[in-house]
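S.K.: Encoded as structure tokens, here's the structure I'll be asking about.
The values are calculated or read from the model by the stated rules, or taken from the named source; none is laboratory data. All figures in this text were calculated on a predicted structure; none of them were measured in a lab. Note: ideal-geometry Cβ built from the backbone for every residue, glycine included; neighbour counts use all protein chains shown.
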Amino acid sequence: MSVITASAKLLEPVLQLAQHYRIEPLQVFSYAHLSAEEFTKPGSRFPARHFNDVLQVLAKTSNNPLIALTLGEATQPRLLGSIGFLMSTAPTLEKAYQTLVDYFPLLFEGAVLHMEQTLEGTLLTIDMNSPELQPIEYFLACLVNWPRSLTGQQIPVSFVHFTFAKPETPQDYQRFFAAEVEFDSASNQILLPSHYLAHNCLDANEEMHQLHREFADSLLCKSNQQSALIAQTRHLIRQQLHEGGGTVRRDQVATSVGLSLRTLQRKLGVLGTSFQDVYDHTRREVSLQLIQRGQLSFGEVAFQLGFSNQSAFQKAFKRWMGVSPSAYRQQINPVIFSNPVSASAPKPTNTTWLESDDIHDEIQHRITALNDFSVELLEYAALLGDKFDLVELGEATNNPVARVAIHLWRAEQLGIIHSVAIPPLSKEAELEDKAGFAFSHADIRTVLYNRMTEQYQAKRHLCIGQAMLNTLSLPYLFEQISPALFHLNQGSRLAIKVDMGSNAIPSNLVALNIKAASLAEAQQNYLDADGFLQHAQHFLPDEESADNTQLFLQRTRLLLLGGEVESAQKALQELSVNINLEETINAALMQAQIYQHNGLHTESLVHLLNTMSLLEETLPADEVQQLSLLLTQLQEISERFDAVFMASMPDIYDQQQLLRLQLLEQISLLARQQSEPLLAACAISRMTLLSIKYGRSPFTAFAFVSYAWVASWFCADYALAQIFSAQGMQLANQYGHISLEDTEKVDQKNASLSAVLLHSSQVLHWFIPLETAISQLQGVDELATTHSQWLIQSDCRLLRHQLLFFSAMPLNSQLLICQESHNAMVSQGQAFKATYLGESTQLLLEQLCSEKPFPVTVKYKHGWQAASTIIGALLLDRQSVWPDLYTWEALLENELAGYFCVTEALFCTAMMRLIQSQQQHTMGRRRRVEIEQIESRVELWARRCPDNFKGQWLLLQAEIARLARQSPSDKNSKTEAPAVLFEQAIKATEVQEFGYHKAFCYERYADYLYAQEQTRLARFCLNEACYLYQRWGAVEKVKQLRQTHALLAI
């Protein structure tokens, strides 16, 4: 014979009250026939008949025969577990009591609670198989006092009825209930004014209410309580009436309780009822509630209850109540339901204890007040973080969310945790915030964490991580897999530490970490990616050392992308000595990057040249040998060159060939930086030959664009240069769209970026206007930033700012952007390149904007500084340093061969020589040769791309013609008149739209006119020059013109 049981949650308020009377918990458990260990288990129960024994002991010990009433007054609904939480989260008090009616068997088997709408009010009746006074007192006291906990307001009771004999002092009951109390009645019941049931519950929460209802349903299904079947059926009928517009499907109700319709009918018959009786009784309850609310017409009520018409409903209602619906409505006051938003807010938990000096003792004291299961939940929560959501904690501990909420409620009451809203992991996800909790003090997590042994920590971390992983669907997102791996990695490291055995570590942990690293890299979280690879290395079996080498190389690359150069060097040093050729080349390329990040470009170049020898392909160090090799390779390229074949070249898949091309690419870049253009040309020519021989790759794009530079700068073959340039850029665009997630092809994508950068810096200006190169560099900058290629980005910005200087953009705007780039370079670990920028374009801008003076003496530092210094010396007329600058030409051409700034620097030095010759009224043989050499080159460039060079060439022509007219030996020269050439130069610069060329042409034209004593025209030209310089923002230049030329003072 099965034992009728009650929920052990009924003992929670008993234990709290027992403390006041010094009754030991074990004594309470003893009378309840329940062990302390069983009491702490979720869902524990005890024989229902012993509840009266417990209450009697409490009454005897306290010497208070009405202790059950006091206990009922002290019992908050949530102390009673799932039923209490269901009531608390209901929308209104009426719904809360209806919930209690449906699920009362979970609280106390053999007891049934009825709720009935009458003309006088709402009647709540308790029926028990063997009713005893004190349990009845307790439950009626709860029913009377719970509205205060649920709604924040105490409601009056109309009357209270007991079936028991009248006691000697009935006035004690009347004082407690503050109502009429009747004994020897037919039922144990209370009557509440119906309109109070419309009050909103303080903790109303539809989502949590549904979760707790599902949990309570699962408990009912698992129990053997036949009486619970009626409550479940009644609730399901009520739900279908509400949702289905009066339609109730019996088969769906049967399926919901896990039975066939026939079995449901049979089991209800055993309980002395039928489906039709339960259906009829439920419709009666719902009809009374709907009429009480007064919001629907009788026709609408009839429809919602499933009656065919209003007349059928009226007949049924008169059978139920003895009066018609209209008569019943006239006898009651309709309930006006308030807006849930207007409900009173719950009282905040007392948090003053958090300011205690002995906070750790306070925390320990409060934790010990919890049962073991609640503490276990909190320990799991402490591993989850400062905040945790209920769903996550439920999955980690394999418990329903409702059970988790129930067992955390006491911790919330004690102020250990407080409720918070937790936003979704992904900002892009269109999800609402989750309900969760946060620890009220940082030390609470510490105390909970220290309570656990390392073995428990390991097991629980692994449980949490595996639970998180089980909820994910493929493909994984970084935001999802990252928290799961945090716990799996933490748990596995602890498992190794406490020697839990290899079986404790997930078999796929290494693969998961590598996958997470790939996802992190795709989001540019390079340091997070490195962290995952470190975990992968830690859990990698010893026999897989080859994989460890690859992981070290990947980590080095990621650390470089993340700007952690020192850490990258350490990772590289961890590599084994016994690595294969491909790994050696990869390591060498990364070591070269580290050297470059540290400004050690010479060491980087030497390192790569030494690595080339491993491939048995050395490049000569001697310039004579380099020239010989270059000529040989140029000849071979010209013989093999076929434009049609180049357009349909096969792809290279040989990894060694790709690494060889990558080595040559880096050597060519470094050689140019180290003023070794011949070595760079040799490396580029070899790259081009390899591509023609074996096929195309992203490095081919770089090779062809670079070869366009070789053809234009060394051979002056601009037609061939244009062909290679077009082919290279086509390949660069093709390979430049490699996905960020394809980490194996990142180096190839970088090669495409380098090709576009080289095209912008050393090729493009020979063929098309300079603004196209500036625009293209903007694209390279954005791509390099996206891919965290800081070396490429810094080179790009260094060049872009130099080319921007020749644009019409105002100097103050340029300076602002330049300073921002300088700061960004420093923050990204590119201090060396930041110094280059600060000593070149940025300094020139500051000098022209009158923020810094031009130096009295100059010294060659590097090509970027040299070009800017030469331009500044010409514009600011610092003639004292001009002779020193002539000696910089060869150094500059070696270092920045093919750059536009070199052509401009050569134009400036030619102008300096011409100006000084005019002042000296003579030109020496050597100076004449130097000027002619530069002028002939500028003429060649002007014919190839007049947009970029024609203005400079015509101005040189005008100055040469002016000097020829000054020289007695050249009086009969057939050169065109200087004035005509000056006019042509001004016209050409208007097409160019460069920043200062037009102004400089007017300035030089004014100087010529003044020498010709054409003062008015000279004054006009000087004023025009001054206006143009002023508009450009060259404050210092304008100031100098005003001081130097008295004409402008007029």
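S.K.: Of all residues in the range 870-915, how many are surrounded by fewer than 22 Cβ atoms within 10 Å (Cβ to Cβ) and aromatic (Phe, Trp, Tyr)?
M.R.: Result for the range 870-915: 3.
S.K.: Regarding residue 923, is this residue more than 51 Å from the chain's Cα centre (by Cα), farther than 22 Å from residue 992 by Cα and hydrophobic (A, V, I, L, M, F, W, C)? Reasoning before the result, please.
M.R.: Details: more than 51 Å from the chain's Cα centre (by Cα): yes; farther than 22 Å from residue 992 by Cα: yes; hydrophobic (A, V, I, L, M, F, W, C): yes.
So residue 923 fits the description; yes.
S.K.: Does residue 317 satisfy being at pLDDT 75 or above and over 22 Å from residue 101 (Cβ atoms)?
M.R.: On the way: at pLDDT 75 or above: yes; over 22 Å from residue 101 (Cβ atoms): no.
No: the conditions fail for residue 317.
S.K.: Would you please name the residue that is surrounded by the fewest Cβ atoms within 10 Å (Cβ to Cβ), looking only at residues in the range 50-66 that are touching a residue at least 24 places away in the same chain (Cβ under 8 Å) and under 17 Å from residue 22 (Cβ atoms)?
M.R.: Filtering first and then ranking leaves 61.
S.K.: If residue 326 satisfies every condition in (1) surrounded by 14 or more Cβ atoms within 10 Å (Cβ to Cβ); (2) over 23 Å from residue 409 (Cβ atoms); (3) at pLDDT 80 or above but one, which is the exception?
M.R.: Residue 326 satisfies every listed condition except (1).
S.K.: Restricting attention to the range 424-446, does a residue exist that is in contact with a strand residue (DSSP E or B) (Cβ under 6 Å, 6 or more places away or on another chain) and modelled with pLDDT under 80?
M.R.: There is at least one residue in the range 424-446 that is in contact with a strand residue (DSSP E or B) (Cβ under 6 Å, 6 or more places away or on another chain) and modelled with pLDDT under 80.
S.K.: Since residue 100 meets every condition but one in (1) free of Cβ contacts under 8 Å to residues at least 60 places away in the same chain; (2) more than 20 Å from residue 201 (Cα to Cα); (3) not acidic (Asp, Glu), which condition does it not meet?
M.R.: Every condition holds for residue 100 apart from (2).
S.K.: Could you check the range 276-319 and list, in sequence order, the residues that are over 55 Å from the mean Cα position of the chain (by Cα), closer than 13 Å to residue 233 by Cα and surrounded by 12 or more Cβ atoms within 10 Å (Cβ to Cβ)?
M.R.: Within the range 276-319, 277, 280, 281 qualify.
S.K.: Tell me yes or no: at least one residue of the range 998-1008 is farther than 25 Å from residue 845 by Cα and modelled with pLDDT under 90.
M.R.: no
S.K.: Of the residues 809, 825, only one is under 25 Å from residue 755 (Cβ atoms) and aliphatic (A, V, I, L, M); which?
M.R.: Going through 809, 825 in turn, just one is under 25 Å from residue 755 (Cβ atoms) and aliphatic (A, V, I, L, M): 825.
S.K.: OK, next. Can you name the residue in the range 784-819 that is free of Cβ contacts under 8 Å to residues at least 24 places away in the same chain and among the aliphatic types (A, V, I, L, M) and, of all such residues, is surrounded by the most Cβ atoms within 10 Å (Cβ to Cβ)?
M.R.: Only one residue tops the list, namely 817.
S.K.: Go through the residues of the range 388-399 one by one and say whether even a single one is among the β-branched types (Val, Ile, Thr), modelled with pLDDT of 85 or more, out of contact with any strand residue (DSSP E or B) (no Cβ under 7 Å at 6 or more places or on another chain) and not assigned by TED's automatic domain parsing to the domain that holds residue 515.
M.R.: Yes - at least one qualifying residue is present in the range 388-399.
S.K.: Which of (1) touching a residue at least 60 places away in the same chain (Cβ under 8 Å); (2) not in a helix (DSSP H, G or I) is the odd one out, the single condition residue 472 does not satisfy?
M.R.: Just one mismatch for residue 472, condition (1).
S.K.: Shifting gears a bit: Taking residue 1045, is it surrounded by fewer than 23 Cβ atoms within 10 Å (Cβ to Cβ) and at pLDDT below 85?
M.R.: So residue 1045 fits the description; yes.
S.K.: Tell me which residues, restricted to the range 41-82, are aromatic (Phe, Trp, Tyr) and closer than 21 Å to residue 145 by Cα.
M.R.: Listed by number, the list holds a single entry, 51.
S.K.: Does residue 237 fit the bill of being assigned to a helix (DSSP H, G or I), among the β-branched types (Val, Ile, Thr) and either modelled with pLDDT of 75 or more or more than 52 Å from the chain's Cα centre (by Cα) (or both)?
M.R.: yes
S.K.: Can you pull out the residues in the range 666-720 that are among the basic types (Lys, Arg) and touching an Asp or Glu at 6+ places or on another chain (Cβ under 7 Å)?
M.R.: Hit for the range 666-720 is 696, nothing else.
S.K.: Would you call residue 847 touching a residue at least 60 places away in the same chain (Cβ under 8 Å), outside any loop (DSSP other than H, G, I, E, B) and buried (at least 18 other Cβ atoms within 10 Å of the Cβ)?
M.R.: Yes.
S.K.: Please determine, by comparing only the residues of the range 158-187 that are part of a strand (DSSP E or B) and charged (D, E, K, R), which one is nearest to residue 73 (Cα to Cα).
M.R.: Filtering the range 158-187 for residues that are part of a strand (DSSP E or B) and charged (D, E, K, R), the one nearest to residue 73 (Cα to Cα) comes out as 180.
S.K.: Residue 43 fails exactly one of the following numbered conditions: (1) touching an Asp or Glu at 6+ places or on another chain (Cβ under 9 Å); (2) modelled with pLDDT under 85; (3) surrounded by fewer than 17 Cβ atoms within 10 Å (Cβ to Cβ). What is the number of that condition?
M.R.: Among (1) touching an Asp or Glu at 6+ places or on another chain (Cβ under 9 Å); (2) modelled with pLDDT under 85; (3) surrounded by fewer than 17 Cβ atoms within 10 Å (Cβ to Cβ), residue 43 violates only (1).
S.K.: Looking at the range 759-842, what helices (runs of 4 or more DSSP H) fall wholly within it and have at least 3 residues that are over 30 Å from residue 1037 (Cα atoms) and either under 28 Å from the mean Cα position of the chain (by Cα) or hydrophobic (A, V, I, L, M, F, W, C) (or both)?
M.R.: The qualifying helices (runs of 4 or more DSSP H) are 770-786, 790-804.
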